[in-house]
Amino acid sequence: LILLASFLLWDGALDAARGTGDGRRHAESAFRPYYAVLNADVSHLPLSWPAGDPLLSCLKGTRLERLVKAKRHALGLEFALLQSCAPELDATLDHYLWARGTVSSRAYALTVGGRPQRCLVPWADLLNHGTDRDSLATYSFVQEGPGGACFLMRSGSCGVAPQLEVLQSYGAGKSNATLLLDYGFALTPGAQVGEAMATVSVRGPEVASPPPADGQAISAVHEEVEAKSMLWRTARRQPKGSVSLDVTRSSSGALLPLLRVVTASTEDLAALSSRGVLRADDVTEPISEASERRMLKELQAVLNTALVRIPVPEPDVARADGLAEREWESEVRRACAIVSEEERSVLGFYLDLAGHALDLLDVSHASVVPDAWLVSLPSAPRAHATGYLEGLTHAFASC
């Protein structure tokens with residue numbers, strides 16, 4: 001993608017798209033007709049949003065905000081490398097962001113001559129994204145087509161009815177956050193998209209451990225902290241500071257194991273040692289009832305902290321700087337609101353799960369599961385929640 005973006009700049013694509021320039025470079029390019037129909041403005045793509053951009057504020061506190069900033073930083077490093085290798089290119093960072101955004105949102109991944117290539121394909125890149133697999137257009141590069149080697153696009157197995165739009169897939173299973181980051185749009189809630197993901201921050205044991213209780217020796221606290229820190233280190237996690245964990249509604253990853261270690265008592269650590277547990281990530285089962293209660297309450301605390309950082313989306317609020325809204329801006333704001341709300345729903349799911357789990361423990365381990373809540377969930381989150389709650393009931397049924 002770096003080379004393809006660089007070629008666009010060298011070949012005068014941006015001047016052609018803008019209809020500007022002295023014409024000496026792009027006038028002779030064989031691709032000039034294609035360049036002329038490219039979008040000269042890619043401000044709808046998050047990679048073009050600098051710090052302080054009103055659109056970036058729509059993602060405040062979200063995982064996607066962090067990804068956008070990281071991508072901007074990475075592209076800045078790419079541009080610095082490009083400047084050192086090709087100083088004669090005479091391009092600015094904004095020029096490079098335009099070229100990079102153009103190829104990132106349009107290029108196809110094809111196999112040409114047995115090698116993977118990223119290619120721009122005129123006309124084909126005008127097709128919008130769809131999710132109905134049977135009606136989507138498919139594509140490939142063929143070495144021996146009717147007229148020789150060519151890009152071949154076919155209609156889906158069901159074809160496309162007259163007067164309907166021809167669509168293709170930008171990637172099966174891509175989440176709305178990924179679609180917004182790469183293409184500048186999000187699908188409406190309920191559409192077939194990949195799972196939303198949210199980030200939860202967990203404090204390491206050297207930060208989260210409480211001060212000594214009355215009558216508790218400082219040395220005992222140090223031993224406890226060191227035992228927890230060792231479990232984190234063997235899992236290749238830094239016990240100092242905090243660790244950011246990405247979770248979905250169908251997978252919590254290492255979130256619960258790490259919280260179990262952080263909230264473990266001396267007795268819990270001894271139990272883990274007797275089980276032969278060496279890594280924090282391997283604490284996948286409750287240690288004890290008291291330990292699981294502490295873990296769930298800490299889970300509620302970190303989730304509430306994460307939720308506070310993500311304001312409730314307000315997609316219809318006007319720009320705070322008073323400037324006129326660009327024609328596409330309201331749609332991008334709605335996309336940001338969709339992604340923010342999806343991240344909040346992931347955090348809310350685990351908040352509900354923690355509450356229901358504590359309720360189960362509080363009713364003396366009765367075989368009561370929150371049926372109404374579980375039924376309201378999609379299949380994958382429902383299976384995840386059911387598995388945890390039933391496991392909790394069975395683990396302490398004899399207590």
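The values are calculated or read from the model by the stated rules, or taken from the named source; none is laboratory data. Everything quoted here is computed from the prediction, not taken from an experiment. Using ideal geometry, Cβ is built from the backbone for each residue, glycine included, and neighbour counts are taken over all protein chains shown. The accessibility values were calculated without ligands, DNA or RNA, using every heavy atom of the protein model including side chains. Shrake-Rupley method; radii C 1.70, N 1.55, O 1.52, S 1.80 Å.
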| message | Take the conditions surrounded by fewer than 21 Cβ atoms within 10 Å (Cβ to Cβ), out of contact with any Ser or Thr (no Cβ under 9 Å at 6 or more places or on another chain) and farther than 24 Å from LEU152 by Cα and apply them to ALA80. Does it pass? | response | yes
| request: Considering each residue of segment 269-283, count those that are open to solvent by 20 Å² or more (accessible area, probe 1.4 Å) and either in contact with a His (Cβ under 9 Å, 6 or more places away or on another chain) or closer than 18 Å to PRO205 by Cβ (or both), and give that number. | output: 9
| note | Selection from segment 309-339 of residues at pLDDT 90 or above and more than 24 Å from the chain's Cα centre (by Cα) yields none
| message | When the residues of segment 104-133 are narrowed to those that are assigned to a helix (DSSP H, G or I) and at pLDDT 85 or above, which ends up most open to solvent (accessible area, probe 1.4 Å)? | response | LEU126
| Within segment 249-271, tally of residues that are part of a helix (DSSP H, G or I) and either within 17 Å of ARG293 (Cβ to Cβ) or under 25 Å from the mean Cα position of the chain (by Cα) (or both) | 13
| request: Out of ARG63, ARG32, report the one residue that is of a type in the set (Lys, Arg) and either free of Cβ contacts under 8 Å to residues at least 12 places away in the same chain or more than 28 Å from TRP123 (Cβ to Cβ) (or both). | output: ARG63
| request: Give me a count of the residues in segment 245-262 that are without any contact (Cβ under 8 Å) to a residue 40 or more places away in the chain and open to solvent by less than 20 Å² (accessible area, probe 1.4 Å). | output: 3
| message | Given the criteria of a type in the set (S, T, N, Q) and either loosely packed, with under 14 Cβ neighbours inside 10 Å or at pLDDT below 85 (or both), does SER169 qualify? | response | no
| task | Could you tell me whether TYR34 is at pLDDT below 95, of a type in the set (Phe, Trp, Tyr) and open to solvent by less than 20 Å² (accessible area, probe 1.4 Å)? | result | no
| Among the residues of segment 183-200, which ones are without any contact (Cβ under 8 Å) to a residue 40 or more places away in the chain and open to solvent by 60 Å² or more (accessible area, probe 1.4 Å)? | GLY190
| Inside segment 31-71, can you point out the residues that are part of a helix (DSSP H, G or I) and of a type in the set (A, V, I, L, M)? | ALA36, LEU47, LEU55, LEU56, LEU64, LEU67, VAL68, ALA70
| field | Complete set of residues in segment 138-182 that are polar (S, T, N, Q) and either without any contact (Cβ under 8 Å) to a residue 12 or more places away in the chain or part of a strand (DSSP E or B) (or both) | value | THR138, SER140, GLN143, GLN163, GLN168
